[in-house]
Structure formats: C-alpha cells, structure tokens
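Read-outs: derived from the displayed coordinates by stated rules, not from any lab. Everything quoted here is computed from the prediction, not taken from an experiment. Here the Cβ positions follow ideal geometry from the backbone for every residue, glycine too, while neighbour counts run over all protein chains shown.
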Amino acid sequence: MKILVVDDETDVRTLFEQRFRREIRSGQFSFSFAYSGEDALAYLHDHASEVVLILSDINMPGMSGLELLKHIKQQYTSPPPAPPQVMMITAYGDEESYQQAMQLGANDFLTKPVDFAALKEKLTSLSSYEN
C-alpha cells in the first residue's frame, strides 16, 4: 500500500521509516514524503493512481493540510482513479479543525504526538481491506 506523508517537519520521514521498518521491508507499506501541500499536489499529479492513503499535517506554511484536502477531493471528483483515503494529523486536537476536516471529506483525524501502534493498526486494516 502506497502512503504519502505530508508534513513540513522533515524529521517525520525518519520517524515513519523507523516505526514502520518491518512493514516497509516486507513490502506491506511504501512511504513517500512531501514537505508542503504544494509538493504533495505535484507528487499526486505524477503518481495519482499509486497513492492509496495520504497522511497530512493540518498546520503547514503555505498551503495548509485542509486546503490540500480540498484540492484532493476536487481533483478526484470523477474516477478513475479512486480517490486516496486522507487522514489529517494535527498538534491541535481542536473541535473546529476536526469539523472542518470531516466536512471537507477527511477519512480520519489523528492528533500529535501520533500513536504509532494505533496508526499501524488502522493502516494494516486498510491494507487488508484494499486487497
């Protein structure tokens, strides 16, 4: 399962690669990283049919995660390909961000620090559902 992680903090790459080392090695998950909403859109433009899930931070300079979510949902109005699942991640678990993300079509909402055990469980169930 191809996952695009969008976060302006570059150390997130190391964190995901460490936490999902076994799943990456086995080929269960494949991660790509974008460090802004604009980078994510460019990546999706070139790899639209590959990405199954997007994990996006909400608070980023330039295009926010919510703006990115809006672009993604507009971009995939007429399949194929099927739109990727989108999980929003924020350091602020505020109700307003949650409501906004859900109204824009987010599939899930996580707060930082990310509970990697719970995330791994969600990704594994998505992965098995996909196959």
Under 20 Å from the Cα of Lys112, which aspartates and glutamates turn up, not counting those fewer than eight places away in the same chain? Asp7, Asp8, Glu9, Asp11, Glu17, Asp57, Glu67, Asp94, Glu95, Glu96, Glu121
Once the piece of chain linking Lys122 and Glu38 is laid out straight, how much longer is it, given 0.36 nm per residue of separation minus the C-alpha distance between them? 27.6 nm
Protection proxy ranking of 50-62, 112-124 - average other beta-carbon atoms within 10 Å, highest first: 50-62, 112-124
Only Lys, Arg, Asp and Glu count, each charged at its Cβ (+1, +1, -1, -1), so figure out the dipole size of segment 13-75 about its Cα centre, rounded to 20 debye. 320 debye
If the cut-off is a Cα-Cα distance under 20 Å, which lysines reach Lys2, setting aside same-chain residues fewer than 8 apart in sequence? Lys73, Lys120, Lys122
In percent, how large is the relative contact order of the chain, given Cα pairs closer than 8 Å and 6 or more residues apart? 23 percent
Cα→Cβ-extended label distance, 7 Å offset, between Arg21 and Val114, nm: 1.7 nm
Options Met87, Val52, Gly27, ranked by Cα towards positive dipole end of segment 2-130, top entry (Cβ charges): Gly27
Might you report the magnitude of the Cβ-based charge dipole of segment 2-130 about its Cα centre, with Lys and Arg at +1 and Asp and Glu at -1, to the nearest 20 debye? 500 debye
Most exposed first by the Cβ proxy, i.e. fewest other Cβ within 10 Å, how do His71, His47 rank? His47, His71
